[in-house]
Structures are given as structure tokens and as C-alpha cells.
Amino acid sequence: MKFHYNKTTIQQFRRQLTIRERALPILKNKETVLRQEEKRIAKELESLLEEREVVEKKLQVFQSLWGEFPSILTLNKLDVHQKKIVGVKVPEVNKVSFHVADVSWWNYPAWVPLGINILQQVIALDIRIRVKSQQIELVNVARKKTTQKVNLYEKVQIPAYEDAILKIKRFLEDKENISKAAQKIVKKRKGEGVAV
């Protein structure tokens, strides 16, 4: 850190130090909340993955029949919005809706409606799992950045500013002491010169 040895620099450094000291508890709190949110989202993701396994088993029951499955199911609407988690924008699934083509059900085997239901569950779960994974990634990145900033402030910048302020103060005090000592010497010499 480069600086000038004067009172203006001390004032500037004190301002910077105050800003960082005030921001540090807020950043630490944000880091804690982001860590908690990351755990909460991870639990939700784990629950979705377990649900996906259950539906996957249902899906395998129809394994031999999927070749006969008609192309009558399409994704109609995927409603995803942005929400903020501690200032971090993450995607959130509101609704997943499907469209089933108008067909005569007499032409299809009896298992097709159940197959449609299972496919809808699988697709909706896959979408929600993907979005939850994105949430975890985004929150994780934000938490890491916050942790880096906390470490930067706590371990680097705050001690550096404190150290610089102390060095400047000592320098100015030494300069003042030298100046006073010089004045005393000059005064003493003048006093000796008058006496002679």
C-alpha cells in the first residue's frame, strides 16, 4: 500500500477503514445466510431427486411399452421467474403445464393415460431438478465471493489500513518530536550566545 505521510492520508484511511469495519458484520451475516440457503436448497434438491427415483421406477414398469407410446404429449408452458435470495437472483419454477393432443382414446391402449401422467411427472421433476441445481450454483458462487470479500476485509485491508495509519501517526509524531528538539537546541544555542 503506497501512501503519503500526512494528516490528509490518515483521514482518508480512517474513512476507508470505517467503511470496511461497518461492512464486515453485514458481509459475515450475508455469508452465513447464503450458507444456510445453500443447505436448504440442497435438501430440496435431494427431496426432488428421491421423488424422481420413485417416478423412475414407475417409468420402468412401462419400459417395454414406450415404443408404442403416441406423440401426443407436449410441454405447453414453463413459467419460471427470478427471485432474490439474499440479493442473489435465482430462477424459480412457478408452473409446468402440458398439452395432450385431442385424440380418440378408443384407439390407444388403456395404459396410455397413466403413461402420460408418469411422463408429466418425470419432465416436471427434471425441470425442477435442473432449476434447483442452478439455484445451488448461483448461491454457491455468491457465497464464495462474499467469503472472499470477508477474508479480504478481515485479513488484508483492515489490518493494512490500521498498520498504515499507525505508521503515519508515528512518522508525524517523530517529525514533531524532532522539530521540537531542534527548536530547543536552537533556543538553547541562542540562549548560550546571549550569555557569552
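The values are calculated or read from the model by the stated rules, or taken from the named source; none is laboratory data. Being a predicted model, the structure only gives us computed values, none of them experimental. Don't worry about glycine lacking a Cβ; one is built from the backbone with ideal geometry, like all the others, and counts go over all protein chains shown.
Summary table
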{"read-out": "Test result for ASP126, within 32 Å of the chain's Cα centre (by Cα), farther than 30 Å from ARG35 by Cα and part of a helix (DSSP H, G or I)", "value": "no"}
{"read-out": "Residue check for SER47: loosely packed, with under 14 Cβ neighbours inside 10 Å and over 33 Å from the mean Cα position of the chain (by Cα)", "value": "no"}
{"read-out": "Per-region count, the stretch 159-179, residues within 18 Å of GLN12 (Cβ to Cβ) and either of a type in the set (A, V, I, L, M) or not in a helix (DSSP H, G or I) (or both)", "value": "6"}
{"read-out": "Filter result (touching a Lys or Arg at 6+ places or on another chain (Cβ under 7 Å) and either surrounded by fewer than 15 Cβ atoms within 10 Å (Cβ to Cβ) or more than 24 Å from THR18 (Cα to Cα) (or both)) within the stretch 127-154", "value": "ILE129"}
{"read-out": "Conditions (1) modelled with pLDDT under 85; (2) within 30 Å of GLU51 (Cα to Cα); (3) in a helix (DSSP H, G or I): number failed by TRP106", "value": "(2)"}
